[in-house]
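First comes the structure, then the notes that go with it.
Read-outs throughout are calculated quantities, based only on the coordinates presented, and are distinct from any laboratory measurement. The shown structure was predicted, so the numbers you read here are calculated from the model rather than taken from an experiment. With ideal geometry, Cβ positions are generated from the backbone for all residues, glycine too; neighbour counts draw on all protein chains shown.
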Amino acid sequence: MNIKKIKISSILLLLSTILANSNEVKFTPYLSTYFSSNGSIYNSTLSTFSLLNKLGLKASKNVGNIDITGDFSFYSTKNVDNNLLSMNPNLSLINSRGYKNSNDLWFINSDFKISYTTNNFTLYFGKISDSWGYGNSSLLISNNTPSFPKFGFTWFLNQKISLEYFYGSLVSLLPDSSFQNLYSNNIGERIAYVNRSIAAHRLTFKLHNNVHFKASESVIFSRKTLDINYLIPFLPYWALQSYNGDIDNIQMQGELIFIINKYLNLYSSIYIDEWTPEWTFKKKNRNWFGYQVGLRIKNIFNIQDQLLMEYNWTDHRVYRHLFPINNSYSYDYPLGFWAGPHAEELYFKYNFSIFSFRLDSYLSLVKRGELTEEMLENQYNNISQKRFSGKKESRTHLAININKNILNEFVIFSFGVDYVDWINPGFNPAAQESIEKNISKFSFNLNLHFITDIIFH
């Protein structure tokens, strides 16, 4: 028996042992359907409705210190523009498939996590989507990126300091020519991609009960096998990538959170992709930054309400690298801020509950600029670039939804309205052409979500 078979057998044995020694397994099937009269932000036309259906199954099991969760989902869409998914922070769908004789699309997704937890330590493995950030968006690690395989841990060293770490595998979408002949014949062809990996660690310091500081660092790299250097969570990646020959891509993030009281929190974050300290205040510099500021306020009107206000800004050079294999992307989704480089967003979100109803509303003012080949060539030549001077996209999106749980929370019903004012929808920042069309429309939306728990003892 070879090593691969031994590993698979060991994993199957572990899972079967866990399942056999627990009294309860919970399955949660769910079904949702979303209808938008004029397509909202899913369709670039003014009069075509959009439909999104989702069928899924969640499963969970606990055995002492071990927790196992899984989620499989199938999406089916009608009149949804595939090229608009990059401008939807709530949908990170990949590998779309078209129905025969139709422009409609379907997607599949699966997630899994197994974790072992003690009083101050958690070890985990799976295909997971996480966010490292206090805000609605995150500049370094965002859950808008499609989930990817990873393993890691969280360690509470004491009451004031904690360390987080993970090592994961990304999808580069860069063809691997060494596999070209293996997946091509007279019947069909598939593309194998060059491996892209990520390692990241984060230290959290509770400087005071009301002041928290988080220091994060990640590295993007490509290897045929695991890189032992980045399996060491306790050393700075900036030094380790220098040891590797300066061939990888380092990102850093500092986050400061002020807990003013139980109702008001302020937060800010700075993302550093590259920095030359002595050039910080020069017009021509190599300072590739992203910024975030925000606040959360609760109980403004004493009706279980909450207001969030947030601003995100990214330089046109962030998330990219001298060597494209090290770009901070997976499946063409940026790992950090969902709008990517050369972008900014002003975001407001307000929700409250009254009686048995919940109102959710938000306003997003977002803008993206072009990312041309010339800009890529000049990013290491310290050539200044006037922001949004070329082709760009901007969108105002206002959404108001009323939600209601009915039938003992078996059904969640939602009704809402969207207003969209969109300049150049479907814009591709990396393309050399511009679509140059505008949309201004209202959409009425209906959403039904069916969910239940099935428990086996």
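How big is the gap, in Å, between the Cα center of the range 53-100 and the Cα center of the range 184-226?
With the range 53-100 and the range 184-226 each reduced to a Cα centre, they are spaced 21 Å.
Over all distinct alpha-carbon pairs, what is the Kirkwood Rh of the range 30-179 in angstrom? Walk me through the intermediate numbers first.
Details: mean 1/r = 0.0552 Å⁻¹.
Evaluated on the range 30-179, it is 18.1 Å.
Whose amide H sits under 5 Å from the amide H of Arg320, counting only residues 5 or more places off or on another chain, with H placed in the peptide plane?
It is Ser328, by chain and number.
Using alpha-carbon pairs under 8 Å, 6+ residues apart, how would you state the relative contact order of the range 199-274 in percent? Walk me through the numbers before you get to the answer.
Values: 123 pairs, mean separation 23.4, N = 76.
In percent, rounded to a whole number, it is 31.
Calculate for the chain the 222 nm mean residue ellipticity that helices alone would give, adding -39,500 (n - 2.57) per DSSP H run of length 4 or more and normalising by residue count, nearest 500 deg cm²/dmol. Intermediate values should be presented prior to the final figure.
Numbers: 3 runs with 31 residues, N = 457.
Rounded to the nearest 500, the figure is -2000 deg cm²/dmol.
Mind listing the Cα extents of the chain along all three principal axes, in Å, largest one first?
66, 61, 59 Å, listed from the longest principal axis down.
Residue-wise, which Karplus ³J(HN,Hα) couplings in Hz belong to the range 386-399, taking 6.51 cos²θ - 1.76 cosθ + 1.60, θ = phi - 60°, and x for glycine or proline?
6, 5, 6, 7, x, 5, 8, 10, 9, 8, 10, 10, 10, 10
Using label points projected 7 Å from each Cα along Cα→Cβ, tell me how many nm separate Asn53 and Tyr263, to one decimal.
4.7 nm
Tell me, rounded to the nearest percent, the portion of alpha carbon pairs in the range 385-457 spaced more than 19 Å apart. Don't skip to the answer; put the middle values down first.
Working: 1549 of 2628 pairs.
Every Cα pair in the range 385-457 considered, those over 19 Å come to 59 percent.
Can you work out the base-10 log of I(q)/I(0) for the range 287-417 at q = 0.14, 0.15, 0.16 1/Å, using the Debye formula on its C-alpha atoms alone?
Log-scaled intensity ratios, in q order: -0.77, -0.83, -0.89.
Listing Thr145, Thr77, Thr28 from the residue with the fewest other Cβ atoms within 10 Å to the one with the most, what is the order? Show your work: numbers first, answer last.
Values: Thr145 22, Thr77 25, Thr28 15.
Starting with the residue having the fewest Cβ neighbours, the order is Thr28, Thr145, Thr77.
Using +1 on the beta carbon of Lys and Arg, -1 on that of Asp and Glu, and nothing else charged, what's the dipole of the range 3-456 about the Cα centre, debye to 20? Please report the intermediate quantities before stating the final value.
On the way: 42 positive and 36 negative charges, 99 e Å.
So the dipole magnitude of the range 3-456 works out to roughly 480 debye.
If you line up the Cα atoms of the range 325-401 on their principal axes, what length do they span on each, largest first, in Å?
59, 27, 16
Sequence-distant or interchain residues sharing an amide H contact under 5 Å with Ser162, placed H: which?
Long-range HN contacts for Ser162: Leu157, Thr204.
Given contacts defined as C-alpha pairs under 8 Å and at least six residues apart, what's the relative contact order of the range 203-359, whole-number percent?
17 percent
Set the Förster distance to 35 Å, then compute FRET efficiency between Asn95 and Glu374 from the Cβ-Cβ distance, nearest 0.05. Present the calculation step by step, with values, prior to reporting the outcome.
Numbers: r = 31 Å, r/R0 = 0.89.
It comes to 0.65.
With contacts defined as alpha carbon pairs under 8 Å and 6 or more residues apart, what's the relative contact order of the chain in percent?
Relative contact order of the chain: 13 percent.
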